[in-house]
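The values are calculated or read from the model by the stated rules, or taken from the named source; none is laboratory data. Computed from a predicted model, the values in this text were never measured in an experiment. Backbone-built Cβ (ideal geometry, glycine too); neighbour counts: all protein chains shown.
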Amino acid sequence: MKVTDHVHAIKIPFAVPTRFVYLYFIYGKKICLVDSGIASAKEKIFGYLRETGRDPQEIQLLVQTHSHADHIGLSAEIKKISGCKVAAHVAEKNWIEDIEEQYRERPTPTFRSYVQDSTKIDLVVKDGDVLDLGGGENLKVIHTPGHSTGSISFVYPTDGALFSGDAIPLAGGLPIYADVFVTIQSLKKLKAVKGWKALFSSWHDPIQGEKVYQTMDEALAYMQKVHGVVRQENAGAPSLDAQALTIRVLKVLGIPENLASPIVVTTIEAHRQAGQHPDIL
Ligand SMILES: [Zn+2]
């Protein structure tokens, strides 16, 4: 789906109903790809390029918002076909270059079906870096940690677009971040930038206009809500282990308890550890 003058969005559904990930193409003289989706999306991605008159070999740059399986699933294949350069933050490099290491350290149930191979990173990028897209266009890097240590967002000034990966939690959705304060700081950092015209997040449908800032406000409010629920449930039963606390919290939030995977338990435990810290209340 074409969203702005140059940005095209591809929605990739997961096997779990209602869950999905987005990846984005920036169509210029060459093509830049933001994240690569999951392995099963191959035909959808390449098919979209051909339907819109482009070719996978035109992909010049693949930028990774972070290393999680649903963002790197096809990276190795795309690099092989197109010869593109792949960019990521140094803190995500190992988990992209060695998927076995990622699986050992973050064994998500769907990992094996989402990602097929490791991918060598060509460009290690950091906050403030500018990547040349050719034709006088560029992509700027903003470090937005919290969901993961090396999560980065990308700014495409030509269309006033922000690509945020998983840095902005989905209000009402499954909370997944490694660090509560740092996620909030990253959200505030993105919100402080004026002039966003479009937000391309991996777990929101594309957002345009004033809804961009509204979405960031909703994410902050949701994190505060989750924090309040964690504190309330923990106060009622402080001896609960992290798994049991997570199930209680998800129930209050109206989220099915079978979604209490280890990464969600980690998030809820991070809220419990954050306690009454003034920065979050
Ligand atoms: Zn992620």
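Overview of results
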read-out: Some residue of the range 209-219 being within 29 Å of Ile247 (Cβ to Cβ), touching a Gly at 6+ places or on another chain (Cβ under 9 Å) and within 15 Å of the ligand (Cβ to nearest atom); value: no
read-out: Residues located in the range 2-36, provided they are modelled with pLDDT of 95 or more and small (Gly, Ala, Ser); value: Ala9, Ser36
read-out: Residue tally, condition closer than 20 Å to Tyr22 by Cα, within 14 Å of the ligand (Cβ to nearest atom) and assigned to a loop (DSSP other than H, G, I, E, B), over the range 152-206; value: 13
read-out: Given (1) in contact with an Asp or Glu (Cβ under 8 Å, 6 or more places away or on another chain); (2) at pLDDT below 95, number of the condition Pro107 does not satisfy; value: (1)
read-out: Gln224 closer than 19 Å to Lys189 by Cβ, touching a residue at least 12 places away in the same chain (Cβ under 8 Å) and assigned to a helix (DSSP H, G or I); value: yes
read-out: Every residue from the range 264-275 that is of a type in the set (A, V, I, L, M), in contact with a Phe, Trp or Tyr (Cβ under 9 Å, 6 or more places away or on another chain) and modelled with pLDDT of 90 or more; value: Ala270
read-out: Within the range 47-142, strands (runs of 3 or more DSSP E) holding 2 or more residues that are without any contact (Cβ under 8 Å) to a residue 12 or more places away in the chain, surrounded by fewer than 18 Cβ atoms within 10 Å (Cβ to Cβ) and away from the ligand (no atom under 16 Å from the Cβ); value: 130-134
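Results for (1) closer than 26 Å to Lys251 by Cα; (2) aliphatic (A, V, I, L, M); (3) in contact with a Phe, Trp or Tyr (Cβ under 6 Å, 6 or more places away or on another chain), shown as yes or no for each residue.
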{"residue": "Phe154", "(1), (2), (3)": "no, no, yes"}
{"residue": "Ser164", "(1), (2), (3)": "no, no, no"}
{"residue": "Gly172", "(1), (2), (3)": "yes, no, no"}
{"residue": "Ile176", "(1), (2), (3)": "yes, yes, no"}
{"residue": "Val180", "(1), (2), (3)": "yes, yes, no"}
{"residue": "Asp205", "(1), (2), (3)": "yes, no, no"}
{"residue": "Gln224", "(1), (2), (3)": "yes, no, no"}
